[in-house]
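Novice: Here you go, one structure.
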Amino acid sequence: MNLAVVLVSPKTPGNIGAAARAMLNMGARDLRLVAPRCDHLDSGAVAMAVHAADLLRGARVYPTLREALADRDLSVGTTARLRADLPPPQHPAYVRPLVRAAAAPALVFGPEETGLINSDLEQCQVAVRVPTGDYASLNLAQAVLLVCYEFLQGQDELPERTRKTATREEMEAMYGHLHDTMRLIGYTDAVRARHTLRLWRAMLDRALMTSAESRLFRGLLRQVAWKVEDAARRGTAEPRPAHGAAGSETGDDQTP
């Protein structure tokens with residue numbers, strides 16, 4: 001995307017350098033400075049830019065915001081404040097389609113102390129506000145990073161999930177096994193079993209288990225049943241080392 005980042009009257013070299021680094025992080029490379037109040041090639045700016053030093057050196061300087069936006073077809077202002085005579089700023093997600101559709105969009109950021117003034121925002125077709133906590137004032141580089149992320153990296157579709165969940169047949173078999181185990185150990189009785197199992201189903205369904213995980217769970221249930229039956233045969237509830245052939249932790253040999 002041909003996205004320009006415009007800094008209006010930035011005050012300190014370090015902030016300009018940090019903003020350049022934030023741009024590089026998010027894939028933006030067109031830095032424009034409007035009437036800067038410092039030398040953007042100062043050693044402090046270059047140090048803060050780190051690997052974005054070339055981006056910083058390539059920044060263009062303009063005397064006015066109008067000139068900086070002259071070749072842009074969409075300008076997006078940033079502000080944390082509501083203005084009585086201007087439209088309220090929007091959440092970046094709502095503005096993303098506009099930015100994606102533009103051929104040459106620009107993001108405009110104001111001075112560190114005041115942000116953009118009304119006359120600057122009047123030159124922007126739309127304004128955005130980054131959602132924050134009660135304290136809404138962001139450092140200039142932080143604001144550049146977050147807004148650039150929204151329009152450059154946040155635009156991608158989420159990758160498709162590759163996790164394959166267990167089939168309903170596998171889950172139903174597991175719930176039947178769980179029901180039998182709960183009855184075996186006295187966790188529930190015939191009267192309460194249906195309601196109790198419903199609660200367990202709700203919890204375990206939220207886990208979106210894979211087939212292997214459902215087999216692993218059934219391995220635990222099988223081991224519980226073996227322990228109970230073994231103790232009954234010996235007439236004691238004293239623990240004994242786990243039976244190696246029973247349900248294993250790897251989920252193997254899990255047929256009912």
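The values are calculated or read from the model by the stated rules, or taken from the named source; none is laboratory data. From a predicted model like this one, the values you see are computed outputs, not experimental measurements. Surface accessibility is based on the protein's heavy atoms, side chains included, excluding ligands, DNA and RNA. Shrake-Rupley method; radii C 1.70, N 1.55, O 1.52, S 1.80 Å.
Novice: At 1.4 Å probe radius, can you tell me the per residue accessible area of the chain in Å²?
Specialist: So the chain comes to 58 Å² accessible per residue, rounded to a whole number.
Novice: What does the C-alpha gyration tensor say about the overall shape of the stretch 8-54? Classify as rounded when a/c is under 1.5, otherwise prolate if a/b is larger than b/c, or oblate.
Specialist: oblate
Novice: Which percent of the accessible heavy-atom area of the stretch 44-189 goes to carbon and sulfur, probe 1.4 angstrom?
Specialist: Roughly 54 percent, rounded to a whole number.
Novice: How big is the chain along each principal axis, measuring the range of its Cα positions in Å and listing the largest first?
Specialist: 92, 41, 33
Novice: Further question on the same structure: Nearest 5 percent is fine: what portion of the DSSP beta bridges confined to the chain is antiparallel?
Specialist: About 5 percent, rounded to the nearest 5.
Novice: Kyte-Doolittle mean at least 0.0 and Cα extent at least 18 Å along the axis: which DSSP H helices of the chain qualify?
Specialist: 13-26
Novice: Okay, next question. Per q in 0.26 Å⁻¹, report the Debye log10 I(q)/I(0) for the stretch 1-93, using one uniform scatterer on each alpha carbon and no solvent.
Specialist: -1.32
Novice: In terms of the Cα gyration tensor, with a ≥ b ≥ c the square roots of its eigenvalues, is the stretch 169-241 rounded because a/c is under 1.5, prolate because a/b exceeds b/c, or oblate?
Specialist: oblate
Novice: Please give the calculated 222 nm ellipticity per residue for the chain, where each DSSP H segment of at least 4 residues contributes -39500 (n - 2.57) and the sum is spread over every residue; nearest 500 deg cm²/dmol?
Specialist: Computed ellipticity for the chain at 222 nm equals -12500 deg cm²/dmol.
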